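Visitor: Pasting in a structure now, in structure tokens, and then I'll have a few things to ask.
The values are calculated or read from the model by the stated rules, or taken from the named source; none is laboratory data. Please read these numbers as outputs of a predicted model, since none were measured by experiment. Positions of Cβ are generated from backbone atoms using ideal geometry, with glycine treated the same way; all protein chains shown enter the neighbour counts. Quick note on the areas: whole protein, heavy atoms, side chains included, nothing else; ligands and nucleic acids left out. Shrake-Rupley method; radii C 1.70, N 1.55, O 1.52, S 1.80 Å.
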Amino acid sequence: MLPYKIATLLYCFNERDEVLLLERTRPPNVGLWSPCGGKLKTEIGESPYACACREAEEEMNWRISAADLHLTGLVSEHGYEGETHWLMFLFEVKPKLERLPATHREGRFQFFRKEALTQIPLPPTDRERLWPWFWQHRGGFFAAHCRCQADGTYEWILEEGCPPKTARA
């Protein structure tokens, strides 16, 4: 039986609407670019919002509150890399970052234009579905489930999709 882990991912942007990604130096996804975030401290009953705020401070030295977050996605992954099940809360951080956060033990940060994401190493599940669904539902909400297969393929189900109430410029 595989363990279930709960995590948050933070989708942060600068004033040019470039997204901040972390080139990971620690598992999972070593060497790949992904939003920063981390695991909930389930042993203390930490909420996803509290986890996101804690991770922003730990990884980016950025103090935010729950009111600064918009829950854009809820994603479950069954058997990711054959090692664990994940439940992930995808938050867009509403305030814009003014500068690039410093490198730390998790990796180094860089801002990317939306178009550049096709050219950089991303986790396969992010490239295949999470980024397309994030952009499609940015300002709205989506819920999805991924069944990771032993052969390295993925079966995705979009369980809910609510587009943003107003179109983004």
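Visitor: Pairs only if they're at least six apart or on different chains, beta carbon under 6 angstrom, first in the range 68-79 and closer than 24 Å to Lys96 by Cα and open to solvent by 10 Å² or more (accessible area, probe 1.4 Å), second part of a strand (DSSP E or B) and not hydrophobic (A, V, I, L, M, F, W, C); list them, first residue then second.
Guide: Sorted first by the residue in the range 68-79, then by its partner, the pairs are His70/Glu92.
Visitor: Further, regarding this structure: What pairs can you find where one residue is in the range 102-131 and within 11 Å of Leu21 (Cβ to Cβ) and of a type in the set (Val, Ile, Thr), the other is open to solvent by 20 Å² or more (accessible area, probe 1.4 Å) and at pLDDT 95 or above, and their Cβ atoms are less than 9 Å apart, with a gap of 6+ or different chains?
Guide: Ile120/Glu23; Ile120/Leu32; Ile120/Gln110
Visitor: How many residues, within the range 112-129, are open to solvent by less than 60 Å² (accessible area, probe 1.4 Å) and at pLDDT 95 or above?
Guide: 5
Visitor: Testing Gly31 on (1) among the small types (Gly, Ala, Ser); (2) touching a residue at least 40 places away in the same chain (Cβ under 8 Å); (3) surrounded by fewer than 20 Cβ atoms within 10 Å (Cβ to Cβ); (4) part of a helix (DSSP H, G or I), one condition comes back false. Which one is that?
Guide: Unmet condition: (4).
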